[in-house]
Amino acid sequence: MKRRPEPELMDEAEQARAYALEDFSEPNARFIELLREFATAPIDDVQALDLGCGPADIVIRFLRARPRARCDALDGSAAMLEHARAALAKLPGVAQRCRLICDRLPSPQLPRGHYDLILSNSLLHHLHDPQVLWRTLAEVGKPGAQVLVMDLMRPASAAWVEALVETYAGGSPEVLRRDFRNSLCAAFEPREVVEQLAEAGLSGLEVAVVSDRHLAVHGRLPGA
């Protein structure tokens, strides 16, 4: 099935509210599990970066589990970050270790060669040019920085898309069903991501299929 790109930003208030209220605990918990599984060095006292943080659920999960870690969290949607601020306001001990950044990639607000750990969940498929993400990783991560990028992967057929929408968003609001369908159609296949990494000079990162709808890119940046 040919890729169909979607808008890069989820900046409608209705979208942001529906996304913030939806229960994404299963994939977000899976992300944190993968982080533990793929980590090749301690990640308890690190400066992390979350690209495309949305309402900050993964940031919060990460920082609550690691009280010495800090995280910059970037998203291009001001509406999404309003929900992130509201969630962080309930957790002052976490909030003081999190800096929210409203910007799109490439972002001049991200210091070069600064981060020990770079995270991203469900951003890649939104990007019209995926190299924007991979170049950012190479520029802002320290040599040998650990990376975990999880994203949807594009199904082989329209029928498979509809089956996944029914399975995972059948009871969700229509705006989320629509967005999930569009996101599946906009996602990349694993082989395409492998090609992207080779083009970016990041062939040391590995691509793994981690669910019936997700892939993960993990490993360390060059220079370790």
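The values are calculated or read from the model by the stated rules, or taken from the named source; none is laboratory data. Since the structure is predicted, the reported quantities are computational estimates derived from the model, not experimental observations. Because the Cβ atoms are built from the backbone with ideal geometry, glycine has one as well, and the counts that use them run over all protein chains shown. Calculation scope for accessible area: heavy atoms of the full protein, side chains included, ligands and nucleic acids excluded. Shrake-Rupley method; radii C 1.70, N 1.55, O 1.52, S 1.80 Å.
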For the chain, give the percent of accessible area contributed by carbon and sulfur heavy atoms, probe 1.4 Å, rounded to a whole number.
51
Please work out the Cα center distance from the stretch 99-122 to the stretch 49-76, rounded to the nearest Å.
11
How many nm separate the modelled label positions at Glu174 and Glu192, each set 7 Å beyond the Cα in the direction of the Cβ?
2.8
Here the convex hull volume per residue of the stretch 134-183, taken over Cα atoms and given in Å³, is 119
In square angstrom, what is the accessible area per residue of the stretch 45-139 with a 1.4 angstrom probe?
41
Could I get the Rg over Rh figure for the stretch 28-81? Both from C-alpha atoms, Rh via Kirkwood, rounded to two places.
0.97
Given the chain, what percent of its DSSP beta bridges are antiparallel, to the nearest 5?
35
What number comes out for the charge environment of Asp116, summing +1 per Lys or Arg and -1 per Asp or Glu over other residues with Cβ under 10 Å away?
+1
Taking only Cα atoms and a 10 Å spring cutoff, compute GNM fluctuations for the chain and point out the largest among Ala41, Ala138, Ala208.
Ala41
How large is the Kirkwood hydrodynamic radius of the stretch 169-210, in angstrom, based on all distinct alpha carbon pairs?
12.2
For the residue pair Ala78 and Leu91, what label-to-label distance in nm results when each label sits 7 Å from Cα along the Cα-to-beta-carbon direction?
2.6
Which value, in debye to the nearest 20, gives the size of the charge dipole of the stretch 89-224 about its Cα centre, when Lys and Arg are +1 and Asp and Glu are -1 at the Cβ?
540
Among Gln146, Gln196, Gln96: highest mean-square fluctuation, GNM of the chain, C-alpha pairs under 10 Å
Gln96
Note: the stretch 141-224 at 10 °C, 1.306 mPa s; Kirkwood Rh on alpha carbon pairs; Stokes-Einstein D in µm²/s works out to 113
Once fully extended, how much extra length lies between Ala39 and His128, figured as 0.36 nm per residue of separation less the alpha-carbon to alpha-carbon distance?
29.1 nm
For the chain, take the alpha-carbon Rg, divide it by the Kirkwood Rh, and send me Rg/Rh.
0.94
Given the options Cys71, Cys53, Cys102, which has the most mean-square fluctuation in a GNM of the chain, springs set between C-alpha atoms less than 10 angstrom apart?
Cys102
